[in-house]
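Scroll down for the structure; my scribbles are underneath it.
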Amino acid sequence: MKKLLDKLFRHENLEEEEAAELLSAIVNEEANDAQIVAAISCILMRSITEKEVQGFRNALLERAIVPSSLPKEAIDVCGTGGDGKNTFNISTLSAVVIAGAGYPVIKHGNYGASSHCGSSNLLEAMGYRFHDQDQQLNRQLAKSNLVFLHAPLNHPCLKRLAPIRKDLGIRTFFNFLGPLVNPVQPHFQLTGVFDLKVARIYKSVLQNQRQNFAIVHSLDGYDEVSLTSPFKFLSRQSEELIYPGEYGIEPLNPVDLHGGTTILEAQEIFEKVLNGYGTKAQNEVVLTNAAIGIQCVNGELNFNKAREEALKSLMDGKALKSLQSTIELSK
C-alpha cells in the first residue's frame, strides 16, 4: 500500500494492475482509514484514467456476489451521482418507465453518498426489500420486468467504505465505479455522468462490455439528460451534441428539477410523477431519459417512437403497476 501511495503522492497515474492492487488492499482491510482517505484525495485532485477505472472495476467484479439466475438481456439505468444538483430521482423513475414499457430492467444502485436520497434510500422508503437470493430476484423480473440490486449486498467488500464516503460527503472515484459494476453485467446500459472526460472513459470501457449503451452528460453538469442545457450523447457508434430543441422541447429551468431536502420529499415527488401528476418539466425529463433507454434496447425505434412508448407506460399506469408488483414480490 505504501508503494502505491508514494506513487499517488508523486502525482503519477496507476497502471491497471496497480489500481486493482490498491482497491484490493482497501477492501481486504490491508489499508487503514487514513491511507484510504489519502488515496481517495490524491485521485480526486486530478482526472482519473481509463486504466485506473478498469483496474478498480475488475477488482470489484472479481469479488461481487452475482445473481446467476438473472438474464443479461436487460438494461441498467443509473448515474454516477456526485453532480451536486439535488434533482429528483430521474434515473430511477426512468428505469420504472422503461420496465412499464415492457423492457427488462436490472437497476444497480446504492444509498446516497453525496446526496440526501440515493435510489436505495428511496426504494426502501417505498417498501422495497433488497435481496441477493436468485429465486426471489428472478421472480420479480419475470413478473414486473423490474428488479433492483443494492450495491452493499452484491459488493459486501465495500462495507467498510460506506462511513468513510459518508463522512467525506463529496464524490469520490467510487462514484465513477457504480454504473460499471452491476454484478449481472446486463447487455444494455443507460448511464449519466457528471463529467465529459468520465463519459469518454466509460465509452472506452463499455465498448467491450455491453451489446449497446448510451452515455449522457448535460453540459451544465448534470449526470443525466436534464434538458436545462445541450447534452453530450455517446454511444458505440458516435458522440453527439444534442439541444433540447431537437426534441421539440424548450430548455427547462433547473429549479423545476429540484428533488427536495429529505427522503420523504423525494418520495412524494417520485410518487406524484409516477401517478401521472408530475409537472410538465418533470415529465419531460423522465420521458426523455426513458426514451433514450428504450432506444438503447430497441435500436429500430427513433426517438419519437421510443418516447411514445415511454409516455404510454407512464400515463397508462403501466410503470406504476410494474413498480408496485416488484415491491410486493420483494416482501
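The values are calculated or read from the model by the stated rules, or taken from the named source; none is laboratory data. What you see is a predicted model; the values in this text were computed from it and never measured. Note: ideal-geometry Cβ built from the backbone for every residue, glycine included; neighbour counts use all protein chains shown.
Between SER229, SER238, SER218, the distinction of being surrounded by 16 or more Cβ atoms within 10 Å (Cβ to Cβ), assigned by TED's automatic domain parsing to the domain that holds LEU190 and more than 18 Å from the chain's Cα centre (by Cα) belongs to SER229 only.
What number of residues in the range 241-266 are assigned to a helix (DSSP H, G or I) and surrounded by fewer than 15 Cβ atoms within 10 Å (Cβ to Cβ)? Matching residues across the range 241-266 total 4.
Kindly provide the set of residues from the range 294-331 that are in a helix (DSSP H, G or I) and of a type in the set (S, T, N, Q), ordered by number.
We begin by selecting, within the range 294-331, every residue in a helix (DSSP H, G or I); these are 294-297, 303-315, 318-330.
Correct list: GLN295, ASN304, SER313, SER322, GLN324, SER325, THR326, SER330.
So in the range 26-38, with the set limited to residues that are free of Cβ contacts under 8 Å to residues at least 60 places away in the same chain, touching a helix residue (DSSP H, G or I) at 6+ places or on another chain (Cβ under 9 Å) and closer than 16 Å to PRO163 by Cβ, which one is surrounded by the fewest Cβ atoms within 10 Å (Cβ to Cβ)? Here the answer is GLN35.
LEU149 - would you say it is under 28 Å from GLU328 (Cβ atoms) and assigned to a strand (DSSP E or B)? Yes. For the range 71-105, a residue qualifies if it is more than 18 Å from TYR202 (Cβ to Cβ), part of a strand (DSSP E or B) and of a type outside the set (S, T, N, Q), and exactly one does: VAL105.
The residues in the range 197-237 that are part of a loop (DSSP other than H, G, I, E, B), free of Cβ contacts under 8 Å to residues at least 40 places away in the same chain and either in contact with a Cys (Cβ under 6 Å, 6 or more places away or on another chain) or more than 19 Å from GLU50 (Cβ to Cβ) (or both) can be counted, and the count is 7.
If only one of CYS117, CYS157 is farther than 24 Å from LEU274 by Cα and either among the hydrophobic types (A, V, I, L, M, F, W, C) or surrounded by fewer than 17 Cβ atoms within 10 Å (Cβ to Cβ) (or both), which one is it? Please lay out each step first, then the result.
Values: CYS117 fails: farther than 24 Å from LEU274 by Cα.
After ruling out the rest, the residue left standing is CYS157.
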